[in-house]
1. Based on the mean of other beta carbon atoms within 10 Å per residue, what is the order of 234-240, 195-201, 164-170, most packed first?
2. Multiplying the sequence separation of residue 182 and residue 322 by 0.36 nm and subtracting their Cα-Cα distance, what value in nm do you get?
3. If the cut-off is a Cα-Cα distance under 22 Å, which lysines reach residue 293, setting aside same-chain residues fewer than 8 apart in sequence?
4. Which whole-number value in Å² is the accessible area per residue of region 270-334, probe 1.4 Å?
5. So if R0 is 30 Å, what FRET efficiency would residue 217 and residue 112 give, r being the distance between their Cβ atoms, rounded to the nearest 0.05?
6. With the other protein chains left in place, how much accessible area per residue, in square angstrom, belongs to region 75-117 at a 1.4 angstrom probe?
7. Let a ≥ b ≥ c be the square roots of the eigenvalues of the Cα gyration tensor of the chain; is it rounded (a/c under 1.5), or, if not, prolate (a/b larger than b/c) or oblate?
8. Over region 165-243, with the other protein chains present, what is the accessible area per residue in square angstrom, probe 1.4 angstrom?
Amino acid sequence: MATSVRARSDGSPPPAAPPSSPGPRGRRPAPGGWRSTLYRWDLKAIPYVFIAPFFLTFAAFGLFPLIYTGWLSLHRVELGGGAEWKGLENYTDLATSEFFWNALANTFTIGVISTVPQLLMALGLAHLLNYKLRGRGFFRVAILAPYATSIAAATLVFAQLFNTDYGMINSLLEWTGIGPVDWESSKWPAQIAISTIVTWRWTGYNALIYLAAMQAVPQDLYEAASLDGASRWRQFLSVTIPSIRPTILFTIIVSTIGATQLFGEPMLYGGSVGISGGSGNQFQTLSLLMYEKGWITGALGQASAIAWVMLLLLLIVGGVQALVSRRNRKKLGG
């Protein structure tokens, strides 16, 4: 006691008390306890638990059918029978098959006839709706109505319109002095009719995509172009189109994929001969040929080979898209 009083009178701090060792009740839990481990596992595992349903669904309904179809394409498989190893024979048979090349050509021509007018009209509609018009909300809903219509209903209506005997299209052609057109048995008229159905259904959908992209274009660009004396048409070509070029490329790729997988419209349009693409296979697509080989003929191996050829075509389209996008980014960066 005297020592502490002496230290305070000298002005020096009192000596520190020796640390007291904690008793058994004052000990803290070790940092590596089971609660800490459970907390760390909770932080790491919960995100994977949330996304696990998607990957499980994709593995069951996407990855497994893809791998199994590839396995079937290397075998000769009949409905209700076993599998016999054939290697690449199914693919070589496709290379020498007239039906395959005819279906591939039909898929390409129908895709071009339906995609090009569809995207051009969608650009025009989006450009008109981008301006301040009365009832813009109504027109936006109206152009999307065909997309909401079922494939069966739309195809059946257009099949009646293009009917060779009593269709309204032939009636209008007769009034203009043009003879009736065989929209079912002739190759090009049938493909034009099917392309019309596809164009009618998807033009409004693409127009809304273009409209959303156009509304994201800065107004300063239009004001600068207007000060330079550019007309609306020149603004559309020099400002709008370059600004929404990635969106245009996206719609081209999506429309190409849809044309490659075209199935419902030609099958319903052909009626009883829709699966074979008409009486002379004049509008049979790759999807129709795959269905016919798999479920009508019963050659599941050949149908699987066609499916993998379609997948290869889509991968080529995706590769072209990646190259074009990279080139555009380099141009913009330069």
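The values are calculated or read from the model by the stated rules, or taken from the named source; none is laboratory data. Predicted model only: the values in this text are computed from it and were never measured. Backbone-built Cβ (ideal geometry, glycine too); neighbour counts: all protein chains shown. Note: areas computed on protein heavy atoms with side chains; ligands, DNA, RNA excluded. Shrake-Rupley method; radii C 1.70, N 1.55, O 1.52, S 1.80 Å.
1. 195-201, 234-240, 164-170
2. That works out to 46.3 nm of additional length.
3. Of all the lysines, those that pass the test against residue 293 - Cα under 22 Å, at least 8 places apart if same chain - are 86, 187.
4. That works out to 53 Å² per residue.
5. The pair residue 217/residue 112 has a calculated efficiency of 0.55.
6. It amounts to 59 Å² per residue over region 75-117.
7. Oblate shape, in that a/c is at least 1.5 and b/c is the bigger or equal ratio.
8. Each residue of region 165-243 exposes 58 Å² on average to a 1.4 Å probe.
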